[in-house]
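Peer 1: One structure, pasted below without further comment.
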Amino acid sequence: MNIVSKADVFSIGFFRLSAAFFEDVITTGGQVVKSTEALRNAGAIADFVICLIWRGSKQDNSLEKAGIQKLPLFDMEELSAWMQLS
């Protein structure tokens, strides 16, 4: 579990910290949403997550509802197809 405190996030003058999350596998995105909320509450700009594998369904839009864009390298469908070719 990632814990983010206000001491970890700061803003100076007109500049605000911009943060991105990097995850190996995301299934529901629940922890990403919680961590993003903590960063945003501390004043950071946190709008996207980069992950290797998206295991969630195409209908799961919990990240989008929270204003977070997901950028997966593979979803499970693509990964399965790629592994069958190997």
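Each value in this text was obtained by applying a stated rule to the coordinates, not by laboratory testing. These figures come from a predicted structure and were not determined experimentally. Glycine gets a Cβ as well: all are built from the backbone with ideal geometry, and neighbour counts include every protein chain shown.
Peer 1: Around ALA66, with a cut-off of 14 angstrom between Cβ atoms, what is the net charge of the other residues, counting Lys and Arg +1 and Asp and Glu -1?
Peer 2: The answer is 0.
Peer 1: Report the Cα-based extents of the range 17-85 along its three principal axes, largest first, to the nearest Å.
Peer 2: Extents along the principal axes: 45, 21, 14 Å.
Peer 1: Taking 0.36 nm per intervening residue step and subtracting the Cα-Cα distance, what contour gain separates ASP24 from GLU64 on full extension? Let's see the in-between values first.
Peer 2: On the way: separation 40, 0.36 × 40 = 14.40 nm, distance 1.87 nm.
Taking 0.36 nm per residue and subtracting the Cα distance, the gain is 12.5 nm.
Peer 1: Here's another thing I want to ask about it. Expressed as a rounded percentage, what relative contact order does the range 32-86 have, with Cα pairs under 8 Å and six or more residues apart?
Peer 2: 35 percent
Peer 1: As I understand it, the dipole of the range 17-85 uses +1 on the Cβ of Lys and Arg and -1 on the Cβ of Asp and Glu, about the Cα centre. Which of ALA81, ILE68, SER57 lies farthest toward its positive end?
Peer 2: Positive-most Cα among the choices belongs to ILE68.
Peer 1: With +1 on the Cβ of every Lys and Arg and -1 on the Cβ of every Asp and Glu, and nothing else charged, how large is the dipole of the range 17-85 about its Cα centre, in debye rounded to the nearest 20?
Peer 2: 200 debye
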